[in-house]
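K.L.:
Just passing along the structure, written as structure tokens.
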Amino acid sequence: MQETAVGASKKPKKPLSHRRVILRRLYKNPQVIVGGSIILMFILVAVFASFIAPFDPYEQVMGRRLQEPCSEHIMGTDWLGRDLFSRLIYGTRVSISISLSATAIGAAAGILIGLMSGYYGKALDTIIMGIINIMMALPAIILALTLITILGTSTRNIIIAIAIFAIPTFARVTRGSVLGVKKLEYVDAARALGASDARIIFKHILPNISAPLIIQSTIYVASAVLIIAALSFLGMGVQPPTPEWGGILDGGREFFARASHIMIFPGLFILFLVVSINLLGDGLRDALEPKQTK
Amino acid sequence: MTDGKVLLEVQNLKQYFPIKGGILGRTVNYVRAVDDISFVVREGEVLSLVGESGCGKSTTGRSLMRLEKPNGGQAFFNGVDLFKLSKRELRNLRGDIQIIFQDPYASLNPRRTVYQTIDEAMTIQKIGERANRRRDVAEVLQAVGIGEHQMDLYPHQFSGGQRQRIGIARALSVKPKLIICDEAVSALDVSIQAQVLNLLMDLQRRFKLTYIFISHDLGVVRHISDKIVVMYLGEIVEVSDQKALFNTPGHPYTYTLLTSIPSTNLDEKKERIILTGDVPSPVNPPAGCRFHTRCPWAYERCSVEKPSFYQLGDAQSVACHLLQDGRVDFKNLPFENKATKE
């Protein structure tokens, strides 16, 4: 928008709405552009995996095992002669769908718990935060491993395990923000009008604490991608023959000296996705909470 | 003005806030924010609560709004005890008593347009028909000087004064009888203050409202009040008509407060009394008269015995031993304490 001298323009400019200000900050940030386009690419790859993959990811050809990248197999083949590129493409689908759904479920549960804890306070808050602190003391991967050992390995249980691990972080972030917002006078005004607790929580508090929650969700998707890969790497995650980055990485260990590409390419996929999600998360933080940066 | 029907009668209101301590978070003590106060508000009058920060005037307003849970006392609104209502009864009655807040930047939800804010108020209190809502909202906004074309804007698109007007419109939209103005103009520029004050007085006449006006600014209070309640450290020290209070302040605290109002008359030599020391802690308020630690004229009786109310004329009632002991002209007495004249 051009700068206009005072009084030069007769027509008063309509001030930018909150949403437009944020969008402007977003698309002016190179982190968001780079991170966002890589993520978009990954999502497109996941959706159109069956069109992009040159080979069937499950088809084993014993005659072409452990091939180096060549013109036919651009990322080579694995220990069973399957096309690595095709497997990684299908693996994108697994990583993205599990990480997104687990984050969505975990975030929803965590936010709800945090809202209750922060809004009602007192004994409820003490009990909830006690449990949350105990959960936070356990390392992510140990907690996930324990849960999967109890529940058994399946895609559904992996989602549950990762979602449960998301709850404490989200509950904490939400509770902290609720404590800040619930003291504000517009919340008192709503109470003075006779608004119900549900109305106050969902119409007055939640919309005003959405910024940190959006940022937290983005960052958690990145950790979810890592946990999924780590679980498969340890053999507790998505089971073979389903193509999954961590699983491919694990299988390639044995052949690293002869066919290092089996480990390098899935590693790069994980790296790119996680880094780009974090870039987007940082960009979102800059746009949504400008006061807290620098 | 003071012969109207009693609208609100507050009796022995107590509002304590617990202080938690120790490992188990037990309540170790209380902040006695409002300690046993009683007053009467009549229909159509403006009653001001004045006092310095921390004296409990805002807390009184919040307790009456039931934004806090009072620890004791009754408040009869049209004969109904506000503190004994069930959740549903309270919700129905909330339309009759509304509040206007101090900070126009915190009192409006930044994510909701002006229309949404006022529509919500009317929906909760079931005011008017849904079909006529836009017209009704426009009408209320017009009463406070906000145009219909600004209805779909967000709070950040308004100035502080305009936001305060929107806050007033929200309170007004549910057709209340009593409005508690909690430092409603304190956060505004002086020029805007006058506008908003005039608007409030205008609305009072138009809609036959009753105000409890909470303020620390005696200039503003003088302009708007019919009756004034002076509070110090959680207690009432003086209840008086506006005229009587400013002409013949009864309580030493009121008197020292009045001498602190800046004068616009350069020729007039005004004597200011500067009190020494801080307001004592409301956790352990002083025994006897709570003002005795800072009162320039305090004597032995003040630190021992709590003064009861003394009727001074027919419009003034003062809690002070000086008056009861016949020293109504305390202003001319020498200081017993370290306060200074300027």
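The values are calculated or read from the model by the stated rules, or taken from the named source; none is laboratory data. Quick caveat, the model's predicted, so the values are computed rather than measured. Glycine gets a Cβ as well: all are built from the backbone with ideal geometry, and neighbour counts include every protein chain shown.
K.L.:
Show the residue pairs meeting these rules: Cβ distance below 9 Å; 6+ apart or different chains; first residue within the range B:132-149 and surrounded by 12 or more Cβ atoms within 10 Å (Cβ to Cβ); second residue of a type in the set (Phe, Trp, Tyr) and in a helix (DSSP H, G or I).
P.N.:
Final answer for the pair search is B:Arg133/B:Tyr115; B:Arg134/B:Tyr115; B:Val137/B:Tyr115; B:Ala138/B:Tyr115; B:Leu141/B:Tyr115; B:Ala143/B:Phe207.
K.L.:
To continue, here is another question. Can you confirm whether B:Ser53 is more than 10 Å from chain A (Cβ to nearest Cβ), of a type in the set (Gly, Ala, Ser) and surrounded by 19 or more Cβ atoms within 10 Å (Cβ to Cβ)?
P.N.:
Against the criterion (more than 10 Å from chain A (Cβ to nearest Cβ), of a type in the set (Gly, Ala, Ser) and surrounded by 19 or more Cβ atoms within 10 Å (Cβ to Cβ)), B:Ser53 does not qualify.
K.L.:
Criterion first (without any contact (Cβ under 8 Å) to a residue 12 or more places away in the chain and surrounded by fewer than 19 Cβ atoms within 10 Å (Cβ to Cβ)) does B:Thr113 satisfy it?
P.N.:
Numbers: without any contact (Cβ under 8 Å) to a residue 12 or more places away in the chain: no; surrounded by fewer than 19 Cβ atoms within 10 Å (Cβ to Cβ): yes.
Considered against the rule, which asks whether it is without any contact (Cβ under 8 Å) to a residue 12 or more places away in the chain and surrounded by fewer than 19 Cβ atoms within 10 Å (Cβ to Cβ), B:Thr113 comes out as no.
K.L.:
Now a separate question. Of all the residues that make up the range A:192-249, how many are crowded, with 22+ Cβ neighbours inside 10 Å, in contact with a Leu (Cβ under 8 Å, 6 or more places away or on another chain) and either within 14 Å of another protein chain (Cβ to nearest Cβ) or aromatic (Phe, Trp, Tyr) (or both)?
P.N.:
Within the range A:192-249, residues that are crowded, with 22+ Cβ neighbours inside 10 Å, in contact with a Leu (Cβ under 8 Å, 6 or more places away or on another chain) and either within 14 Å of another protein chain (Cβ to nearest Cβ) or aromatic (Phe, Trp, Tyr) (or both) number 3.
K.L.:
List the residue pairs whose Cβ atoms are under 6 Å apart, where the first residue sits in the range B:309-323 and is surrounded by fewer than 19 Cβ atoms within 10 Å (Cβ to Cβ), the second is among the hydroxyl-bearing types (Ser, Thr, Tyr), and the two are 6 or more positions apart or on different chains.
P.N.:
Close Cβ pairs satisfying both conditions: B:Phe309/B:Ser317; B:Gln311/B:Ser317.
K.L.:
Could you please let me know if A:Ile128 is among the hydrophobic types (A, V, I, L, M, F, W, C), in contact with a helix residue (DSSP H, G or I) (Cβ under 6 Å, 6 or more places away or on another chain), more than 14 Å from chain B (Cβ to nearest Cβ) and surrounded by 13 or more Cβ atoms within 10 Å (Cβ to Cβ)? Working first, answer last.
P.N.:
Numbers: among the hydrophobic types (A, V, I, L, M, F, W, C): yes; in contact with a helix residue (DSSP H, G or I) (Cβ under 6 Å, 6 or more places away or on another chain): yes; more than 14 Å from chain B (Cβ to nearest Cβ): yes; surrounded by 13 or more Cβ atoms within 10 Å (Cβ to Cβ): yes.
Yes, satisfied.
A quick yes/no check of all residues on (1) under 22 Å from A:Val61 (Cβ atoms); (2) modelled with pLDDT under 90; (3) surrounded by 18 or more Cβ atoms within 10 Å (Cβ to Cβ); (4) out of contact with any helix residue (DSSP H, G or I) (no Cβ under 7 Å at 6 or more places or on another chain):
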| residue | (1), (2), (3), (4) |
| --- | --- |
| A:Ala109 | no, no, no, no |
| A:Gly114 | no, no, yes, no |
| A:Tyr119 | no, no, yes, no |
| A:Leu124 | no, no, no, no |
| A:Asn133 | no, no, no, yes |
| A:Leu138 | no, yes, no, yes |
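K.L.:
Read through the list (1) surrounded by fewer than 19 Cβ atoms within 10 Å (Cβ to Cβ); (2) among the hydroxyl-bearing types (Ser, Thr, Tyr); (3) not in a strand (DSSP E or B), then give the number of the only condition that B:Ser38 fails.
P.N.:
For B:Ser38, the failing item is (3).
Residue by residue, here is whether (1) free of Cβ contacts under 8 Å to residues at least 24 places away in the same chain; (2) within 30 Å of B:Asn29 (Cα to Cα) holds:
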| residue | (1), (2) |
| --- | --- |
| B:Arg66 | no, yes |
| B:Gly72 | no, yes |
| B:Arg130 | yes, no |
| B:His156 | no, no |
| B:Ile180 | no, yes |
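K.L.:
Say we look at the range B:76-105 and pick out the residues that are touching a residue at least 12 places away in the same chain (Cβ under 8 Å) and in a strand (DSSP E or B); which of these is farthest from the other protein chains (Cβ to nearest Cβ)?
P.N.:
The extreme case among them is B:Phe76.
K.L.:
Find the residue count for the range A:186-223, including only residues that are touching an Asp or Glu at 6+ places or on another chain (Cβ under 6 Å) and free of Cβ contacts under 8 Å to residues at least 12 places away in the same chain. Talk me through it step by step, then tell me what you get.
P.N.:
Filtering the range A:186-223 down to residues touching an Asp or Glu at 6+ places or on another chain (Cβ under 6 Å) leaves A:211.
Within this subset, residues satisfying the condition of being free of Cβ contacts under 8 Å to residues at least 12 places away in the same chain are none.
Summing the residues that are touching an Asp or Glu at 6+ places or on another chain (Cβ under 6 Å) and free of Cβ contacts under 8 Å to residues at least 12 places away in the same chain in the range A:186-223 gives 0.
K.L.:
Would you call B:Pro249 in contact with an Asp or Glu (Cβ under 9 Å, 6 or more places away or on another chain), in the same structural domain as B:Cys181 (by TED's automatic domain parsing), without any contact (Cβ under 8 Å) to a residue 12 or more places away in the chain and not in a helix (DSSP H, G or I)? Let's see the steps before the verdict.
P.N.:
On the way: in contact with an Asp or Glu (Cβ under 9 Å, 6 or more places away or on another chain): yes; in the same structural domain as B:Cys181 (by TED's automatic domain parsing): yes; without any contact (Cβ under 8 Å) to a residue 12 or more places away in the chain: yes; not in a helix (DSSP H, G or I): yes.
The answer is yes for B:Pro249.
K.L.:
Now, a different point. What's the number of the only condition in (1) over 23 Å from B:Arg206 (Cα atoms); (2) assigned to a helix (DSSP H, G or I); (3) within 14 Å of another protein chain (Cβ to nearest Cβ) that B:Ala131 fails to meet?
P.N.:
Against the list (1) over 23 Å from B:Arg206 (Cα atoms); (2) assigned to a helix (DSSP H, G or I); (3) within 14 Å of another protein chain (Cβ to nearest Cβ), B:Ala131 comes up short only on (3).
K.L.:
Then there is this: Does A:Arg87 satisfy the criteria of being more than 22 Å from A:Phe255 (Cα to Cα), touching a residue at least 40 places away in the same chain (Cβ under 8 Å) and in contact with a Pro (Cβ under 9 Å, 6 or more places away or on another chain)? Break it down into steps so the answer makes sense when it comes.
P.N.:
Working: more than 22 Å from A:Phe255 (Cα to Cα): no; touching a residue at least 40 places away in the same chain (Cβ under 8 Å): yes; in contact with a Pro (Cβ under 9 Å, 6 or more places away or on another chain): yes.
Taking the combined requirement at face value, the residue does not satisfy it.
K.L.:
So which residues in the range A:77-105 are part of a helix (DSSP H, G or I), within 15 Å of A:Ser50 (Cα to Cα) and not polar (S, T, N, Q), if there are any at all?
P.N.:
A:Leu84, A:Phe85, A:Arg87, A:Leu88, A:Ile89, A:Tyr90, A:Gly91, A:Arg93, A:Val94
K.L.:
Can you confirm whether A:Ser260 is of a type outside the set (Asp, Glu), away from chain B (no Cβ under 14 Å) and over 30 Å from A:Ile132 (Cβ atoms)? Lay out the reasoning, then the answer.
P.N.:
Values: of a type outside the set (Asp, Glu): yes; away from chain B (no Cβ under 14 Å): yes; over 30 Å from A:Ile132 (Cβ atoms): yes.
Against the criterion (of a type outside the set (Asp, Glu), away from chain B (no Cβ under 14 Å) and over 30 Å from A:Ile132 (Cβ atoms)), A:Ser260 qualifies.
K.L.:
Considering only the range B:194-213, state which residues are more than 17 Å from B:Gln242 (Cα to Cα) and part of a helix (DSSP H, G or I).
P.N.:
We begin by selecting, within the range B:194-213, every residue more than 17 Å from B:Gln242 (Cα to Cα); these are B:194-196, B:198-200, B:202-209.
If the condition is that a residue be more than 17 Å from B:Gln242 (Cα to Cα) and part of a helix (DSSP H, G or I), then B:Ala194, B:Gln195, B:Val196, B:Asn198, B:Leu199, B:Leu200, B:Asp202, B:Leu203, B:Gln204, B:Arg205, B:Arg206, B:Phe207 are the ones that fit.
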